[in-house]
1. For E202, which of the numbered conditions (1) in contact (Cβ under 8 Å) with a residue 60 or more places away in the chain; (2) farther than 22 Å from A100 by Cβ fails to hold?
2. Under 9 Å between Cβ atoms, which residue pairs at least 6 apart in sequence (or on different chains) link something in region 25-48 that is of a type in the set (G, A, S) and surrounded by 15 or more Cβ atoms within 10 Å (Cβ to Cβ) with a partner that is part of a loop (DSSP other than H, G, I, E, B) and at pLDDT 95 or above?
3. Quick one: in region 39-84, which of the residues that are farther than 20 Å from H224 by Cα and of a type in the set (S, T, N, Q) is modelled with the highest pLDDT?
4. List the pairs whose first member sits in region 61-75 and is without any contact (Cβ under 8 Å) to a residue 40 or more places away in the chain, whose second member is buried (at least 19 other Cβ atoms within 10 Å of the Cβ), and whose Cβ atoms are under 8 Å apart, counting only residues at least 6 apart or on separate chains?
5. What's the number of the condition T137 fails, among (1) farther than 19 Å from R61 by Cβ; (2) touching a residue at least 12 places away in the same chain (Cβ under 8 Å); (3) surrounded by fewer than 18 Cβ atoms within 10 Å (Cβ to Cβ); (4) of a type outside the set (D, E, K, R)?
6. Which residues, counting only those in region 148-159, are surrounded by fewer than 19 Cβ atoms within 10 Å (Cβ to Cβ) and part of a loop (DSSP other than H, G, I, E, B)?
7. Among the listed residues A77, A15, A100, identify the single one that is touching a His at 6+ places or on another chain (Cβ under 6 Å), buried (at least 23 other Cβ atoms within 10 Å of the Cβ) and not β-branched (V, I, T).
8. List every residue pair whose Cβ atoms lie under 6 Å apart, where the two residues are 6 or more positions apart in sequence or sit on different chains, the first residue falls within region 157-173 and is in contact (Cβ under 8 Å) with a residue 24 or more places away in the chain and at negative phi, and the second residue, located anywhere, is assigned to a strand (DSSP E or B) and crowded, with 18+ Cβ neighbours inside 10 Å.
Amino acid sequence: MTSIGMLGVPMDLGASRRGVEMGPSAVRLARLQQRLESLGHTVVDVGDVAVPTRETLAIGRGVDYLPTIGAVCGEIAARTGRLVREGLVPLVLGGDHSIAAGSVAGVADALAERKARLGLVWLDAHADLHIPDSSETGNVHGMPLAHLLGHGHPAMSQLTPTTPSVRPEHLVIIGARDLDSAESEHAREWGVRIYTMREIDERGMRAVLHEAIARVTTGTDGIHVSLDLDFVDPQEAPGVGTPVRGGATYREAHLAMETLADTGKVISMDLVEVNPVLDRFNHTAELAVELVASGFGKRILQR
């Protein structure tokens, strides 16, 4: 069984719609800790990272918050790195997806101290490959992967001595269906492998996962799973800030998490973009808890 360190990051500074700052509370309310403990895991809730609110910052576009987001992500990196060094599996609860710039960086830095590298599976409707100069919206939650690959603003791309945090050959994006031309160009230029929903439709989730896992486990010593709930179709997950039709089905999403758990190599995880303001009766948070449980070994027939 696994010892899990659960860390909340109630941040919405990277997104344009308010509400995701309540995501950590929503999934805790949906009994995430109890669900994981029922599987035999030990869960230590280490509380929340302190995040300034928009009202106290009193500035405008999302990119204007980038220095503050970078400072928060620096704290996330320090705390996730500490959890790894203490032998725990970090489970980071967002908040918007910009927090992953910190969580992945912290885990990657802790592994680098052992001369090891991190594989990254990014489950998302979006590629999050913008840099500040390429983003029309200025929303920083569309930029964390670019920063993890060493591009963009130093406040986000140089959070730890291990820069870049992830190599392109150790990264896959699964479930993408809303990319613009700048992100597509970055993916080609940087060598990022993206499995779109069309490829999942044509080949099936199982085949995509088999290939994706082979990629992220070659030359690495563990997998970080970054689960954005808009990976799932909005009919199943309505409580997200940037829903895109045509996403993973309920069973496809569970298959993805179950298959990743089967590798035995998941050493850290994010759960992001749950927005209770846009949800129905905490339905999306409850689904998120189910998916995380699958990622930590929950099965239809328990062994």
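The values are calculated or read from the model by the stated rules, or taken from the named source; none is laboratory data. Values in this document were obtained by computation on a predicted structure and should not be read as measured data. Backbone-built Cβ (ideal geometry, glycine too); neighbour counts: all protein chains shown.
1. With (1) in contact (Cβ under 8 Å) with a residue 60 or more places away in the chain; (2) farther than 22 Å from A100 by Cβ applied to E202, the lone miss is (1).
2. S25/P10; A26/G239; A26/N275; A26/D279; A26/N282; A30/N282
3. T68
4. E75/V49; E75/G102
5. (1)
6. Correct list: G150, Q158.
7. Details: A77 fails: touching a His at 6+ places or on another chain (Cβ under 6 Å); A100 fails: touching a His at 6+ places or on another chain (Cβ under 6 Å).
Selected residue: A15, the only one of A77, A15, A100 that is touching a His at 6+ places or on another chain (Cβ under 6 Å), buried (at least 23 other Cβ atoms within 10 Å of the Cβ) and not β-branched (V, I, T).
8. V166/L120; H170/G119; L171/L120; V172/V121; I173/W122; I173/I194
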